[in-house]
Amino acid sequence: MKLKKSFKTQPDSKGYFGDYGGRYVPETLIKALDELTLAYETIRRDPGFKKELQSYLRDYAGRPTALYEARNLTSLFNRARIFLKREDLCHTGAHKINSTLAQGLLARRLGKKRMVAETGAGQHGVATATAARVFGLQCVVYMGALDVERQALNVYKMKLLGAEVVPVHSGSKTLKDATNEAIRDWVTNVETTHYLIGSVVGPHPYPKMVRDFQSVIGRETRSQIQARIGRLPDYLIACVGGGSNAMGFFHPFAADRSVKMIGVEASGEGVNTRHHAASMTKGTPGILHGMKSYLLQNADGQVQLAHSISAGLDYPSVGPEHSYFKDAGRVVYHTADDKDALWGFQTLTQVEGIMPALEPAHALGFLKHFMPKTRKTENVVLCLSGRGDKDIHTVQTVLGDAKKEGCR
Ligand SMILES: *Cc1c(COP(=O)(O)O)cnc(C)c1O
């Protein structure tokens, strides 16, 4: 491993991980971000906050989540042992609740009355609305008008949870425009409002804060795998959209050089088509959503649209710490395409009786290419970031076509 001596696991005081991160935002936001940074750094050391968060994670979210040895999946390849970190068993069905609960509690402790968020496919909106309910906060979710139409079920869920869903009609009527509106709301109402970002993206301190809140995944994995096999694993594998499940899973192992870490991005219809979301494989450093990171952009710096069969990986950039880990060689990034993900979905369902979300199905699909290179004495832990219920309709639609084309 070509890990440099200067490798760091914390950002600098301006929020840079090496060349990436920072705060590329209008002046009006700096004060709010400074206040949030200070509040977060104070509260995270507060034993009362830690204890309260732990009790919500345990009794409300269902932590610790299981570490399951997937013996049937292991037999399929007959190589390294495969373990699954079961974030799909969290309340609401994915790891997102780890961070929304923590930020909800932070908001309540800061005396905020409202939370605002943007959402694309709606999963983040639902997780935010859930946390707002349990902490008694108002919740406003901005959503592109096109997305509101496409994601009717999640819009309805948010409304049942008492959130106000605001359709955004400007621009392309999608996530980018919803983000602008959420930020506008936050700047206007910063005294009373917390802006809840759902992944390890955005301006400092969000990438670090969300990473810290998701690191519970990796801390649990570390003690569970050591109890099971008496040592650290050889490989960690996770899917990467914005990068929060992967970063939370990887981070507690970052200093253990024997643990090899692999992030799997979505290559959609293929990295050589225009329809993929492989920001680290095909992107170049650029600025989006207040941060500098690998970004899918054309020669003029226009952001390209990302595509993936899974809405959660459909993001044209990635958290800045991933960009840093990539350049430092600490994490290796590979891709899995839509077909790999469908294979991963069907295979886990058929051999283990577990239906994964289409996001971690990419990490599972990567195993098809990766496992033959491993040895029987090695151990792989894969982060199963969420369950597949939300994706059944997509799978049904696509598999019908796949059968006709004779893909399997
Ligand atoms: C949202 C989501 C992702 C992608 O987000 P990250 O920040 O990259 O973790 C992955 N898996 C599931 C199940 C999701 O809901």
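Provide Rg and Dmax in Å for the range 147-210, with only Cα atoms included in the calculation.
Gyration radius and largest Cα-Cα distance of the range 147-210: 13.1, 33 Å.
Placing +1 on the Cβ of each Lys and Arg and -1 on the Cβ of each Asp and Glu in the chain, which of P252, V398, G21 has its Cα farthest towards the positive end of the resulting dipole?
Value: P252.
Between T284 and Q138, 0.36 nm times their residue separation minus their Cα-Cα distance comes to what?
Working: separation 146, 0.36 × 146 = 52.56 nm, distance 3.84 nm.
Full-extension gain reported as 48.7 nm.
Do any of K50/K96; K292/K368; K208/K390; K157/K292; K8/K260 go past 25 Å between their Cα atoms, and which? Intermediate values should be presented prior to the final figure.
On the way: K50/K96 18 Å; K292/K368 33 Å; K208/K390 28 Å; K157/K292 33 Å; K8/K260 17 Å.
As for pairs spanning more than 25 Å Cα to Cα, those are K292/K368; K208/K390; K157/K292.
Please tell me the relative contact order of the range 139-281 in percent, rounded to the nearest whole number, where contacts are Cα pairs under 8 Å and at least six residues apart.
Working: 182 pairs, mean separation 22.6, N = 143.
Over the range 139-281, the number comes to 16 percent.
With the dipole of the chain worked out from charges on the C-beta (+1 for Lys and Arg, -1 for Asp and Glu) around the Cα centre, which of L288, Q226, C139 lies farthest toward the positive end?
Of L288, Q226, C139, it is Q226.
What ranking do 52-60, 240-248 get when scored by the average of other Cβ atoms within 10 Å per residue, highest first? Provide the component values of the computation, followed by the final result.
Details: 52-60: 15.2, 240-248: 30.3.
Ranking, from highest mean packing down: 240-248, 52-60.
State to the nearest 20 debye the size of the charge dipole of the range 281-408 about its Cα centre, where the only charges are +1 on K and R beta carbons and -1 on D and E beta carbons. Don't skip to the end; give the middle numbers.
Details: 14 positive and 14 negative charges, 85 e Å.
The dipole of the range 281-408 has a size of about 400 debye.
Spin-label point model (7 Å from Cα, Cβ direction): what's the H275 to Y60 distance in nm?
4.0 nm
To the nearest 20 debye, what charge dipole does the chain have about its Cα centre, counting +1 at the Cβ of each Lys and Arg and -1 at the Cβ of each Asp and Glu? All intermediate terms of the calculation are to be shown ahead of the outcome.
Values: 54 positive and 40 negative charges, 281 e Å.
About 1360 debye.
Working out 0.36 nm times the residue gap between H393 and D256, then minus their Cα-Cα distance, what length gain in nm do you get to one decimal?
Working: separation 137, 0.36 × 137 = 49.32 nm, distance 4.04 nm.
Gain on stretching H393 to D256: 45.3 nm.
Over the chain, what is the relative contact order in whole percent, taking alpha-carbon pairs under 8 Å and six or more residues apart? Please list the in-between numbers first.
Values: 839 pairs, mean separation 79.8, N = 408.
Answer for the chain is 20 percent.
Just from the alpha-carbon atoms, what are the Rg and Dmax of the range 240-306 in angstroms?
13.7, 41
Measure off, as a whole percent, the carbon and sulfur share of the 1.4 Å-probe accessible area of the chain, all protein chains present. Before the final figure, lay out the partial values.
Working: 8920 of 17210 Å².
That share works out to 52 percent.
So with the 1.4 Å probe, I'd like the accessible area per residue for the range 240-338, rounded to whole Å².
For the range 240-338, the per-residue accessible area is 34 Å².
Over the range 249-326, what is the relative contact order in percent, taking alpha-carbon pairs closer than 8 angstrom and at least six residues apart? Each step should come with its number before you reach the end.
Values: 119 pairs, mean separation 19.9, N = 78.
25 percent.
According to the Kirkwood expression over distinct Cα-Cα pairs, how big is the hydrodynamic radius of the range 277-394, in Å?
Values: mean 1/r = 0.0644 Å⁻¹.
Final number for the Kirkwood radius of the range 277-394 is 15.5 Å.
Hey, if we sort K292, K176 by accessible area with the 1.4 Å probe, largest down, what's the order? Before the final figure, lay out each step's value.
Values: K292 65, K176 110 Å².
Output order, biggest surface exposure first: K176, K292.
When all alpha-carbon pairs of the range 336-376 are counted, what percent fall beyond 15 Å?
Details: 285 of 820 pairs.
Here the long-distance tail beyond 15 Å is 35 percent of all Cα pairs in the range 336-376.
Among G329, C239, A277, pick out the residue whose Cα is farthest towards the positive end of the charge dipole of the chain, where Lys and Arg carry +1 and Asp and Glu carry -1 on C-beta, about the Cα centre.
G329
Rg and Dmax of the chain, Cα atoms, in Å?
20.0, 58
Find the accessible area per residue for the range 1-97; the probe is 1.4 Å, ligands and nucleic acids are left out, and the unit is Å². Intermediate results must be reported in sequence, preceding the final value.
On the way: 5480 Å² over 97 residues.
Per residue, the range 1-97 has 56 Å² of solvent-accessible surface.
The values are calculated or read from the model by the stated rules, or taken from the named source; none is laboratory data. What you are looking at is a predicted structure, and each value in this text was computed from that prediction instead of being measured. Glycine also receives a Cβ, built like all others from the backbone with ideal geometry; neighbour counts cover every protein chain displayed. Please note that ligands, DNA and RNA were not included when accessible areas were found on the heavy atoms of the full protein model with its side chains. Shrake-Rupley method; radii C 1.70, N 1.55, O 1.52, S 1.80 Å.
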